[in-house]
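Shown next, in structure tokens, is the structure this report addresses.
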Amino acid sequence: MNSFPLAVFGPRIGKLSETFISRHMEDLLPGGTTVIVRNMEPYLKHQDIGFPYLLLGGADLHWHWFYRSIIEFLRLDMLSPARREVKSFFKNHHTQVVLSEYLDLSLRWLDLAQKMGIRFYAHAHGYDVSYILRKPIMRYRYLRLERADGIITMSEYSRKKLMGIGLSGKNIHVIPYGVNVPDEPLVRPGGDVIRCLAVGRMVAKKAPLLTLEAFRLALTDNPTLRLDYIGHGDLFNEVSRFVKDHSLENIVTLHGAQANSYVQEFMKRADIFIQHSKTDPLSGDEEGLPVGILEAMSNSLPVVSTRHAGIPEAVIQNATGYLSDEGDIKGMAANIIKLAGNTELRGRFGQSAWERAKQYFSWEKEKSALLNLLDL
């Protein structure tokens with residue numbers, strides 16, 4: 001059997017909102033990668049995936065984090081069929097290094113990989129360094145990752161959070177997400193209509209209702225504004241009601257969940273990207289470094305967002321966009337108004353956003369950094 005030096009663990013294959021993980025599976029080491037997941041999106045089940053994969057499925061990976069903790073503490077996990085499957089999969093494909101997505105899921109496979117002499121890197125994302133990190137038992141368990149060959153995270157903000165629970169930081173590497181960045185910036189001529197764009201799952205940490213309310217306030221000052229919102233999620237019905245209740249049906253278009261190619265077309269048509277990210281007050285869930293914002297910057301779009309998680313590490317205030325505090329709807333609306341009324345300002349911010357994306361947030365830069373770290 002051919003050698004596939006890299007194995008990527010992930011929750012699933014093909015989820016539209018996890019483009020950063022799909023990219024690791026598909027493009028990090030083409031022809032040399034295997035993938036191990038618990039499920040795949042239904043639309044992929046009759047397609048050629050393009051890499052060898054192991055689909056664990058069933059209840060074996062669907063345990064609640066608390067029960068996984070007890071099972072692992074009692075070493076019962078050593079007997080699991082999934083563990084035996086993964087061990088055989090590693091042997092058959094001559095795995096040399098593991099890139100495991102999400103820290104909480106990585107804990108299950110760290111010992112197995114190291115016992116087999118396989119280097120192990122755990123990749124943090126927003127969910128597992130916010131929501132999961134609030135649980136005392138998980139903060140304790142995360143300390144085991146000190147033994148990993150490396151922990152990869154997307155921002156200095158999340159690196160500091162991990163060090164705050166007692167990890168030394170010696171094996172924590174900040175590698176921001178990367179996106180496709182065009183060779184040249186896009187130039188947008190001014191028009192009679194100013195198109196705003198929001199992209200993301202409609203969940204509490206992306207605060208779609210606050211984004212809409214800020215847009216609605218800006219609209220009262222500038223009636224030429226229009227909004228395309230691409231995404232779906234738990235709050236979609238509330239968002240739909242908001243649009244209807246405020247008679248915005250001819251102003252705001254809800255596109256639902258769409259493939260990235262669809263998103264890119266609207267990135268090119270838009271004038272301003274808006275996103276009111278905030279910490280979920282109930283769960284504590286936070287963003288990592290939102291890929292939608294990075295893609296907007298790569299498409300020469302000025303960004304109007306919030307001082308939340310890793311966003312200020314990407315969006316530079318008064319240079320590539322405007323940031324307001326979480327929950328400051330009036331501040332966000334004022335920032336939209338400033339950009340909407342000034343074509344030259346939008347162009348200047350967009351140019352700077354493209355330059356920053358090119359320098360720090362390209363897929364080529366992320367790929368090079370990951371391959372160098374993984375010694376591939």
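The values are calculated or read from the model by the stated rules, or taken from the named source; none is laboratory data. A quick note: this is a predicted structure, and the numbers were derived from the prediction, not measured. Cβ sites come from the backbone with ideal geometry, for glycine too, and all protein chains shown count toward neighbours.
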**Asked** Does segment 204-213 hold any residues that are aliphatic (A, V, I, L, M) and in contact (Cβ under 8 Å) with a residue 40 or more places away in the chain, and which are they?
**Response** 204, 207, 210, 212
**Request:** For segment 198-229, name all the residues that are under 20 Å from the mean Cα position of the chain (by Cα) and of a type in the set (Ser, Thr, Tyr).
**Result:** 211, 229
**Request:** Test each condition in (1) without any contact (Cβ under 8 Å) to a residue 24 or more places away in the chain; (2) crowded, with 22+ Cβ neighbours inside 10 Å; (3) not β-branched (Val, Ile, Thr) for residue 338 and report the one that comes out false.
**Result:** (2)
**Message:** Which count do you get for residues in segment 39-52 that are over 19 Å from residue 95 (Cα atoms) and either of a type in the set (Asp, Glu) or crowded, with 16+ Cβ neighbours inside 10 Å (or both)?
**Reply:** 4
**Close pairs from segment 177-198: first closer than 13 Å to residue 295 by Cα, partner of a type in the set (S, T, N, Q) and assigned to a strand (DSSP E or B), Cβ under 9 Å, at least 6 apart** = 178/362; 179/362; 180/362; 181/362
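Within the group 16, 29, which residue is surrounded by 13 or more Cβ atoms within 10 Å (Cβ to Cβ), modelled with pLDDT of 95 or more and assigned to a loop (DSSP other than H, G, I, E, B)?
Residue meeting the stated conditions: 29.
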**Request:** Pairs only if they're at least six apart or on different chains, beta carbon under 6 angstrom, first in segment 294-321 and at pLDDT below 95 and crowded, with 24+ Cβ neighbours inside 10 Å, second acidic (Asp, Glu) and part of a loop (DSSP other than H, G, I, E, B); list them, first residue then second.
**Result:** none
**Fill in**
Among the residues of segment 308-336, the number that are part of a loop (DSSP other than H, G, I, E, B) and either under 22 Å from the mean Cα position of the chain (by Cα) or acidic (Asp, Glu) (or both) is 10
**Fill in**
Picking from 230, 272, 251, the residue that is in contact with a His (Cβ under 6 Å, 6 or more places away or on another chain), under 26 Å from residue 342 (Cβ atoms), in the same structural domain as residue 315 (by TED's automatic domain parsing) and modelled with pLDDT of 95 or more would be 230
**Asked** Are any residues in segment 3-43 within 14 Å of the chain's Cα centre (by Cα), of a type in the set (A, V, I, L, M, F, W, C) and either within 18 Å of residue 103 (Cα to Cα) or outside the structural domain of residue 84 (by TED's automatic domain parsing) (or both), and if so, which ones?
**Response** 20, 21
**Asked** Name the residues in segment 239-277 that are surrounded by fewer than 14 Cβ atoms within 10 Å (Cβ to Cβ) and in contact with a helix residue (DSSP H, G or I) (Cβ under 7 Å, 6 or more places away or on another chain), would you?
**Response** 249
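So which strands (runs of 3 or more DSSP E) are wholly in segment 92-196 and hold at least 1 residues that are of a type in the set (Lys, Arg) and assigned by TED's automatic domain parsing to the domain that holds residue 368?
On the way: elements: 97-101, 119-123, 150-153, 172-174.
In segment 92-196, 119-123 are the strands (runs of 3 or more DSSP E) which contain 1 or more residues that are of a type in the set (Lys, Arg) and assigned by TED's automatic domain parsing to the domain that holds residue 368.
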**Request:** Confirm whether residue 154 is at pLDDT 95 or above, surrounded by fewer than 19 Cβ atoms within 10 Å (Cβ to Cβ) and farther than 24 Å from residue 271 by Cβ.
**Result:** no
**Request:** Answer yes or no: is there a residue in segment 112-134 that is under 24 Å from residue 4 (Cα atoms) and β-branched (Val, Ile, Thr).
**Result:** yes
**When residues of segment 100-131 are limited to those that are touching a Gly at 6+ places or on another chain (Cβ under 9 Å) and among the hydrophobic types (A, V, I, L, M, F, W, C), the one surrounded by the fewest Cβ atoms within 10 Å (Cβ to Cβ)** = 105
**Request:** Look at residue 339 and say whether it is part of a helix (DSSP H, G or I) and touching a Pro at 6+ places or on another chain (Cβ under 6 Å).
**Result:** yes
**Asked** residue 96 fails exactly one of the following numbered conditions: (1) at pLDDT below 95; (2) out of contact with any helix residue (DSSP H, G or I) (no Cβ under 9 Å at 6 or more places or on another chain); (3) among the polar types (S, T, N, Q). What is the number of that condition?
**Response** (1)
